[in-house]
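Report on one structure; see the data block that follows.
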Amino acid sequence: MTTDDLPAGYGVRLPDGIRARYVPGINGMRMHVLEAGYESPGRPCLLLLHGFPELAYSWRKVMVPLAEAGYHVIAPDQRGYGRTTGWDGAYDTDLGAYRLPNLVRDAMALVYAFGYRSVHAVIGHDFGSPVAAWASLIRPDVFRSVALMSAPAGGPPPMPFDTLAQGLPAPAPDIHAALAALPRPRKHYQWYYATREANEHMWHAPQGVHDFLRAYYHHKSADWPENRPYRLAGWTAGELAKMPTYYVMDLDQDMAQTVAPHMPSRAQIEACRWLPDEDLAVYSGEYGRIGFQGGLQWYRVMTGPQTIAELQLYSGRTIDTPSCFIAGRSDWGVYQRPGDFEKMQSSVCTNMKGCHLLDGAGHWVQQEQPEETVEALLDFLGG
């Protein structure tokens, strides 16, 4: 069976009220989509965008409650993920398709395919959050409100200004050299994810994909008791090194090695109600089949110097649609880019309606605390 022959739905029984389907012709792809609230035409649409290493399946716990509130809820496997096909996962490929404006085009093409000229809200988690933010910034007429989850919006990179009078800005310090020079040498996970070796390290981890993902998800969740995040003073090696090693890694470790010591016990796994083994098997099955490179392409683009130049075109632009932010209180993602959480609320989003840090959740907020996530979303959507 080829990838294009795989049935929609990951080969598992989806929660009642959710169906899976393929949507062809989406910016050169056949997109795999989960949807809820599809029975009644004319409903306002919500578009849900997952992050890394996740799938549309990550929204399974919130889709039906949102549909029951009157919405048509659409959650795709994004470019590079799951059962969506038509993307190039080769390391040496042209990465143009993974640039943020094209990821926004993916989202817009999907919305149009369903017959919507606009959506009531675009909701993004983790790496889906910047896609949602940029969708709302670039096309606010299509993406009429935005909910950002776990990754605050830092806004467009600034264009150097008044340089004739004040001179050119000084080059930024080499953060990677500074991290490597610490007494405990470190490296930033995003630049590690951009390396050729990262996919192989995770896809063929010594512990296997299933146990790698179990340890990774556990390590970033509220179940790991050392996730007690706080604001960092700035983008310096000393401050960044205060974060857990899943964000600022030991220099000589890959990601599989980084999370292996934090593998939960069998008793902890059996007690994990937010991600039982049968649900985890959906992720390990998909990533075991295709690897991680599709999602890693996003990091390669975002860490490349050309991205700053491209996005400087939007320098000074703000997100003016109604906006909200939701994350787990135990999520270091809120503070991993020092200053972004505060800047999002003060200047990037000019119509911020709420900012929610939910107790009992780490990075996987809509899975760890789905009821509270739905409550926060419906409060925002109804406002």
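Computed from the coordinates by the stated procedures, all read-outs in this text should not be read as laboratory data. Keep in mind it's a predicted model, so treat the numbers as computed, not measured. Neighbour counts are summed over all protein chains in view; Cβ atoms, including those assigned to glycine, are modelled from backbone coordinates with ideal geometry.
General remarks:
- Scattering curve values for the stretch 173-295, log₁₀ I(q)/I(0), Debye with Cα scatterers, q = 0.11, 0.16, 0.21 Å⁻¹: -0.41, -0.84, -1.23
- Simple label model, 7 Å out from Cα along Cβ direction - Glu200 to Arg21, nm: 4.2
- Charge dipole (Cα centre; +1 on Lys/Arg Cβ, -1 on Asp/Glu Cβ; no other charges) of the chain amounts to roughly 520 debye.
- Net lengthening on full extension, Asn102/Tyr230 (0.36 nm per residue, minus Cα-Cα): 42.7 nm
- Residues Glu39 and Ala113, FRET efficiency given R0 of 22 Å [Cβ-Cβ distance, rounded to 0.05]: 0.75
- Cβ-defined net charge surrounding Thr258, 13 Å radius [Lys, Arg +1; Asp, Glu -1]: 0
- Evaluated at q = 0.11 Å⁻¹, the base-10 log of the normalised Debye intensity for the chain, with identical point scatterers placed on the Cα atoms, takes the values -0.76.
- With Cα atoms as the point set, the stretch 233-342 shows a radius of gyration and Dmax of 18.1, 52 Å.
- Which of Phe52, Tyr38, Gly25, positive extreme of dipole for the stretch 20-100 (C-beta unit charges): Tyr38
- Choice from Arg228, Arg196, Arg266 with maximal GNM fluctuation in the chain (Cα, 10 Å cutoff): Arg266
- Applying both filters, DSSP loop and at most 11 other Cβ atoms within 10 Å, to the chymotrypsin sites (Phe, Trp or Tyr not before Pro) of the stretch 277-354 eliminates every site.
- Comparing Tyr98, Tyr112, Tyr57 in a Gaussian network model of the chain where C-alpha atoms under 10 Å apart are linked, the largest mean-square fluctuation is found at Tyr112.
- Kirkwood-type radius of the stretch 15-173, with distances r between different C-alpha atoms, in Å: 16.7
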